[in-house]
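> Can you keep this structure in mind? I'll have questions shortly.
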Amino acid sequence: MKLIILFVAIAVCGCAAVGQEQPESIPEASIGQLNEECNACPLNCVANDECPARNPPQPVFLPHSDCTRYYVCETGRACEMICPPGLHFNVREWVCDYPYRACCDPMIECVPGCVPGVTCPPAN
C-alpha cells in the first residue's frame with residue numbers, strides 16, 4: 001500500500017514543485033537531474049528556509065512541535081513524517097525512539113541513556 005501511495009505521489013508531483021506547469025517533454029539529461037534532486041517528492045511538503053535547496057548526501061531532519069512527527073528536507077522543502085505508533089522523534093539521534101529516550105514530552109520522565117530491559121522504565 002505504501003509503495004502505491006509513493007508511486008502516486010511521484011506521478012502527481014513529477015518531482016517538481018506542486019502547482020508548477022510541467023513541460024510537454026523533458027530532455028533525458030534533465031530527467032536525470034530531477035531524479036537526482038528529488039527522491040520521493042511527498043505531497044505534504046512546504047518550502048522551508050532551513051532546508052537546503054539541493055539534497056546533501058545525508059538527509060536533513062527538522063523537529064516538529066508534535067513529538068510523534070518530524071520533517072525531512074527535500075530540495076528546499078520540509079516534508080512532514082510520522083513516527084511509528086508509540087515512538088517519539090529523538091532530536092539528539094535523529095530517529096524515532098522510545099518517548100523516555102526522545103525526551104520530547106515534558107510529561108514523560110526523560111532517561112536518554114537507558115538500556116532497554118535493564119535501566120529503562122518498564123514498557124506499558
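> Inside segment 26-74, counting only strands (runs of 3 or more DSSP E) that do not spill past its ends, which hold 3 or more residues that are modelled with pLDDT under 95 and in contact with an Asp or Glu (Cβ under 7 Å, 6 or more places away or on another chain)?
Details: elements: 45-47, 61-63, 69-74.
Hits in segment 26-74: none.
> Shifting gears a bit: I need the full set of residues from segment 52-68 which are more than 18 Å from R101 (Cα to Cα) and surrounded by 14 or more Cβ atoms within 10 Å (Cβ to Cβ), in order please.
The answer is N55, V60.
> Looking only at residues that are of a type in the set (A, V, I, L, M) and out of contact with any helix residue (DSSP H, G or I) (no Cβ under 8 Å at 6 or more places or on another chain) in segment 99-118, which one is nearest to N44 (Cα to Cα)?
This residue is A102.
> Within segment 75-98, how many residues are outside any strand (DSSP E or B) and within 13 Å of the chain's Cα centre (by Cα)?
Qualifying residue count, segment 75-98: 6.
> Go through segment 75-98 and give me each residue that's more than 27 Å from L43 (Cα to Cα) and at pLDDT 95 or above.
None - no residue of segment 75-98 is more than 27 Å from L43 (Cα to Cα) and at pLDDT 95 or above, so the list stays empty.
> Okay, next question. For residues that are out of contact with any strand residue (DSSP E or B) (no Cβ under 7 Å at 6 or more places or on another chain) and of a type in the set (V, I, T), scanning just segment 69-117, find the one that is surrounded by the fewest Cβ atoms within 10 Å (Cβ to Cβ).
V115
The values are calculated or read from the model by the stated rules, or taken from the named source; none is laboratory data. Quantities reported herein were computed from a predicted structural model and do not represent experimental measurements. Positions of Cβ are generated from backbone atoms using ideal geometry, with glycine treated the same way; all protein chains shown enter the neighbour counts.
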